[in-house]
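The values are calculated or read from the model by the stated rules, or taken from the named source; none is laboratory data. Bear in mind that the values here come from a model prediction, so they are computed numbers and not experimental data. Virtual Cβ from ideal backbone geometry, glycine too; neighbours counted across all protein chains shown. Only protein heavy atoms, including side chains, enter the accessible area calculation; ligands, DNA and RNA are left aside. Shrake-Rupley method; radii C 1.70, N 1.55, O 1.52, S 1.80 Å.
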Amino acid sequence: MNLSFASTHSPIGFYFKQSPRDFVVEEIPLYSFGGEGAHLILKIRKKSLTTFEMLKILSTHLGIKESEIGYAGLKDKNALSIQYISLPRHLAAPKIESFSHSNIKILSATYHNNKIKLGHLKGNQFFIRLKKLNSFNAQKILEVCSRVAQVGIPNYFSYQRFGKESDNYRLGLEIIEGKRKIRNKKIQNFLISAYQSYLFNQWLSSRIDISHLIATTAPNLLSKALKFYLSCDEIPLEFHDIAYCKMLQKQPHFFKIFYGDFLCHYPSGRFMRKETAITGLLSGKKAKVSEKEAGFLESKFLDSRIKSVGQRRYAWIFPENLSFYYKEQEAQGEMNFFLPKGAYATNLLREIAHREIIEETKEELESCENEILFGD
């Protein structure tokens, strides 16, 4: 699955492989915990375990159902992960002090009124170590990080969503078309979501390509260039309007905003000023669809046959607190940054490297895929 890069610099060489030593992710809660309530809140550090494997270990020790344990998100097996879970206080509190596991450490405990639910997090703080990195490429990374901090990156779904062969979305499409039936509801929903994610990625890639076209094409030739790129005979009249095309070119951000785009408040502000961000469609029921020129482009990646609930997703995100430090003697670089929920650290690496890094991490996909498909 080929996706466009927003950046235009030459590829940067380094080696990256997810491991607890080189990939650390810490969950940032959506809200502070009150210190009182019916739910025991644990801050947990795990390694070499999927989130579902961790939940199974805890439920077995505590004698409670896995469904009674609340969590905000899934964390990679091949990482050192810090996340929060909630447990029924009256069932878990008496037994938690006796819990011990070599790959799970309880860092702190408190209480809260509500159970933690999926999505109840602001985002994640990451630490990533890059290896086999020379000083020339380290300097290039510093320069790219400086620009990324200002203009952000496209919010693609990363390879983890699509499986080892990057074809989970094809199975999802077959389910939508009625060509494949899967009894396991969790697997079915995951494959359909992979298809939704695929359509989003293709739309985002197209919008990036069109933004490049706008930046490099004379306004009076843009309509012809768009017709050729989109392989269509008719496009919205606005793209024939030279004044409109000039207005698009003058927008300060690379990723161009069209009439009819849906913009949402960005968690910490922005789109150049970081106050808003463009959103793309995850096809499905009840989802708002863009209008006008934006709707014309979005319609090419919309599938009304999807019966799952759709939604809007940030098309562009802004890594925060992005820092990079180079250790010349070890030929290694260390990155720290924060991303909003739903964003992938490997996506940031892809943009910085300006090349695909999936081959370096492909062997890790099986455990990630199994966690989602077969975890209880």
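Extending 7 Å from Cα along the Cβ direction at Glu165 and again at His61 yields two label points whose distance is 3.9 nm.
Overall, the range 67-131 carries a charge dipole of about 220 debye about its Cα centre when +1 sits on the Cβ of Lys and Arg and -1 on the Cβ of Asp and Glu, all other atoms neutral. For Ile116, the accessible surface of its heavy atoms amounts to roughly 10 Å² (probe 1.4 Å, protein chains only, rounded to the nearest 10).
When a 1.4 Å probe is rolled over the protein heavy atoms, the share of accessible surface on the chain that falls to carbon and sulfur comes to 51 percent.
With Rg and the Kirkwood Rh both taken from Cα atoms, where does Rg over Rh land for the range 168-281? Intermediate values should be presented prior to the final figure.
Numbers: Rg = 18.1 Å, Rh = 16.5 Å.
Rg/Rh for the range 168-281 comes to 1.10.
Its alpha carbons considered, the chain gives a radius of gyration followed by a Dmax of 22.3, 73 Å.
Just tell me, in residue order, which DSSP H segments of the chain are both 18 angstrom or longer along the helix axis (alpha-carbon based) and at least -1.0 in mean Kyte-Doolittle hydropathy.
Details: long enough: 135-151 (24 Å, 0.34); 185-216 (47 Å, 0.07).
Span-like helices, by this rule, are 135-151, 185-216.
With 26 Å as the limit on Cα-Cα distance, the pairs of Lys227/Lys285; Lys43/Lys77; Lys117/Lys307 that go past it are Lys227/Lys285.
Work out, in µm²/s and without decimals, the Stokes-Einstein translational diffusion coefficient of the range 51-200 at 37 °C, 0.692 mPa s, Rh from Kirkwood over C-alpha pairs.
171 µm²/s
Which of the three applies to the range 25-139, rounded, prolate or oblate, going by the alpha-carbon gyration tensor with a ≥ b ≥ c and a/c under 1.5 meaning rounded? Taking the square roots of the gyration eigenvalues as a ≥ b ≥ c, the range 25-139 is prolate.
Label sites at Tyr229 and Glu68, each approximated as a point 7 angstrom past Cα along Cα to Cβ, lie 5.6 nm apart. The calculated 222 nm mean residue ellipticity attributable to helices in the chain amounts to -10500 deg cm²/dmol, summing -39500 (n - 2.57) over DSSP H runs of n ≥ 4 and dividing by all residues. Calculate log10 I(q)/I(0) of the range 115-181 for q = 0.15, 0.18, 0.19, 0.24 Å⁻¹, where I(q) comes from the Debye formula with a single equal point scatterer on each Cα and nothing for solvent. Here the Debye-derived log intensity ratios amount to -0.87, -0.99, -1.02, -1.13. Consider a paramagnetic label point 7 Å from the Cα of Glu177 along Cα→Cβ; state which residues of the range 304-333 have an amide N under 20 Å from it. So the set is 304-308.
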